[in-house]
Amino acid sequence: MTEVFLNKIYSANGTDETREIYDAWAKSYETELGDNGYATPARCAAALAGVTKDMDAPLLDFGCGTGLSGLALKNAGFTTIDGVDVSAKMLAQATAKGIYRTTELINDRTAINANEYANIAAIGVIGTGAAPISVLDMLMKALPRDGRFVFSFNDHTLEDPVHEARINEWTDCGAARLLFRERGAHLPGIKMQSTVYILEKA
Ligand SMILES: C[S@@+](CC[C@H](N)C(=O)[O-])C[C@H]1O[C@@H](n2cnc3c(N)ncnc32)[C@H](O)[C@@H]1O
């Protein structure tokens, strides 16, 4: 019987434990998420495409996993996508899809170079069971002026107000504009929703 991981991932603690779970999950991740109707990548991709003129500008898929997010971005019309992830086994599958310009294994101290990407995506990446909220600041700092950051918070993540508070810190002082915010389906199979956001750097 295939091991189930959705019941484990949301209690993962820290990058090492998270990475170990994703390494172990890599083989069955797409089947388990597909069986539960994983909807957030297509929602994020459509939202970003809706506010983007240059679909050829470099786009970073941060926490690309097995490449489901990259596939959704490609299907939405983005042509130049790089993928990075902390899990070698998830990343190997993303690389094998042949949809990324480059893929790279990173660690939790890796900072993305400033101004390298016009747009950045972190789809299903920040929050409970994945990367810490400090990643939001790191990615916003890497964007150029008018660069856009599309990301999602699932229901578990939204239970901790620290996550949406960090969005407000960027918008309240005028450092970023919130272009998009929409609640919708995440994993309908387990009745979980997510909110998709787009922040534009001022
Ligand atoms: C739920 S998966 C989402 C993967 C992909 N974006 C998708 O939509 O299918 C979360 C991913 O974030 C990665 N991740 C967790 N912590 C991370 C960190 N600190 N930096 C980069 N990636 C991280 C995991 O390895 C995993 O592949």
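Residues in region 171-196 that are within 18 Å of Ile112 (Cβ to Cβ) and surrounded by fewer than 20 Cβ atoms within 10 Å (Cβ to Cβ): Ala175 only.
Please list, ordered by first then second residue, the pairs with beta carbon atoms under 7 Å, 6 or more apart or interchain, first in region 27-44 and within 17 Å of Ile9 (Cα to Cα) and in contact (Cβ under 8 Å) with a residue 12 or more places away in the chain, second polar (S, T, N, Q) and more than 12 Å from the ligand (Cβ to nearest atom). Hits for this filter: Ser28/Thr2.
Restricting attention to region 2-26, which residues are in contact with a helix residue (DSSP H, G or I) (Cβ under 8 Å, 6 or more places away or on another chain), in a loop (DSSP other than H, G, I, E, B) and open to solvent by 60 Å² or more (accessible area, probe 1.4 Å)? The answer is Thr2, Glu3, Val4.
To keep it simple, each residue is scored yes or no on (1) in contact with a strand residue (DSSP E or B) (Cβ under 7 Å, 6 or more places away or on another chain); (2) in contact (Cβ under 8 Å) with a residue 60 or more places away in the chain; (3) assigned to a helix (DSSP H, G or I).
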site	(1), (2), (3)
Ala165	no, no, yes
Arg177	yes, no, no
Arg181	yes, no, no
Gly184	yes, yes, no
Gly189	no, yes, yes
Ser194	yes, yes, no
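Taken over region 56-100, residues that are assigned to a loop (DSSP other than H, G, I, E, B), within 8 Å of the ligand (Cβ to nearest atom) and closer than 16 Å to Pro41 by Cβ amount to 5.
The values are calculated or read from the model by the stated rules, or taken from the named source; none is laboratory data. These numbers come from a predicted model, not from an experiment. Virtual Cβ from ideal backbone geometry, glycine too; neighbours counted across all protein chains shown. The accessibility values were calculated without ligands, DNA or RNA, using every heavy atom of the protein model including side chains. Shrake-Rupley method; radii C 1.70, N 1.55, O 1.52, S 1.80 Å.
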